[in-house]
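Here's the structure, in structure tokens; my notes come after.
The values are calculated or read from the model by the stated rules, or taken from the named source; none is laboratory data. In this text the structure is predicted, and so the values were computed from the model without any measurement. No Cβ is skipped: glycine too gets one built from the backbone with ideal geometry, and neighbour counts run over all protein chains shown. Surface areas here come from the heavy atoms of the whole protein model, side chains and all, with no ligands, DNA or RNA. Shrake-Rupley method; radii C 1.70, N 1.55, O 1.52, S 1.80 Å.
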Amino acid sequence: MKKIALYCVNYHSYASLTAYLSSIDQAASKAANDAHIDVYVADNTEQNTQDIDYQSQHISIRLFPYHQNLGYFGAIKKMMAESIVSNYDFVIISNVDLTLPEDCFQKLSTTTLNDDIAWIAPSIYSEKRHYDRNPQAVNRYPLTKLRILRFAFKYPVIHYVYTKTLLKRKRLQKEHQPGIIYSGHGAFIILTHTFFEKCPTIDYPLFLYGEELYLAETCRKLHLKVVYRPDIKILDQESVSTSKMRRRLYYRYNYEGLDYLIKTFY
């Protein structure tokens, strides 16, 4: 039987969290003979907090009511420090505005991987934009592209023009074949036991944004691989929490993330 941990972060999204836990519960019930599921929930909501009281017979839920906004990986790091990630075959990091298919854990529990696979990127279908958000990147980003993006986020007017003109290419809505990629999307990240053998602590120091590139570069540095698995399908309502963010903070966090990634890995 596989042991699977799911670490998720809530921020003013209690209705989405309840629906998400329900979908996890249903998927766990279908995989009851194949997988043991532990769910860790960080509540980053600072004010107007609500009790999280979801009862289940199929999953174990542990709550961390931080009631301060620690950021995405900040909350993940803190939860992981209070649990034992090395006990699990798969560790999932996720948002809460998602829905899992009923066969999600069944497919994971029957997965056989090479020893160098650290990250499984499933299909993350955006119900808002009607395409798969994975792979986020098939190949490593050129330094020039990251510098251009950093410059655009530093000056919001430039970023606005970038997103509203032909400078931004429309994403090609084509199907990608399963296989090795550079980076998956951060909404739903499946890390393997191999990842934590090589990297026991996820220590991304910034508040928000850039987490995927941090993990991709960590895998690259450790000679580990990321694999795209479109047969595992996740539904994404997209940006339920981050849509509440002020625009100036959105630009600031993206700029700081890109600046850190460039200086650290390039």
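Taken over segment 20-33, the criterion of being open to solvent by 60 Å² or more (accessible area, probe 1.4 Å) and in contact with a strand residue (DSSP E or B) (Cβ under 8 Å, 6 or more places away or on another chain) is satisfied by no residue.
Of the set (1) part of a loop (DSSP other than H, G, I, E, B); (2) touching a strand residue (DSSP E or B) at 6+ places or on another chain (Cβ under 7 Å); (3) modelled with pLDDT of 80 or more, all apply to Ile120 but (1). Looking only at segment 123-143, decide whether some residue is closer than 30 Å to Cys199 by Cα, part of a helix (DSSP H, G or I) and in contact (Cβ under 8 Å) with a residue 12 or more places away in the chain. Yes - at least one qualifying residue is present in segment 123-143.
Taking Arg229, is it surrounded by 18 or more Cβ atoms within 10 Å (Cβ to Cβ), of a type in the set (D, E, K, R) and farther than 28 Å from Gln68 by Cα? Yes.
Annotation note: Cβ proximity below 8 Å between a residue of segment 68-83 that is farther than 16 Å from Leu208 by Cβ and touching a residue at least 40 places away in the same chain (Cβ under 8 Å) and a residue that is open to solvent by 80 Å² or more (accessible area, probe 1.4 Å) and outside any loop (DSSP other than H, G, I, E, B) (sequence gap 6+ or interchain) occurs for Ser83/Arg62. Just one of the listed residues (Ser83, Ser109) is under 24 Å from Tyr14 (Cβ atoms), among the polar types (S, T, N, Q) and open to solvent by 10 Å² or more (accessible area, probe 1.4 Å), and it is Ser83. Under the condition of being open to solvent by 20 Å² or more (accessible area, probe 1.4 Å) and aliphatic (A, V, I, L, M), the residues counted in segment 112-130 number 1.
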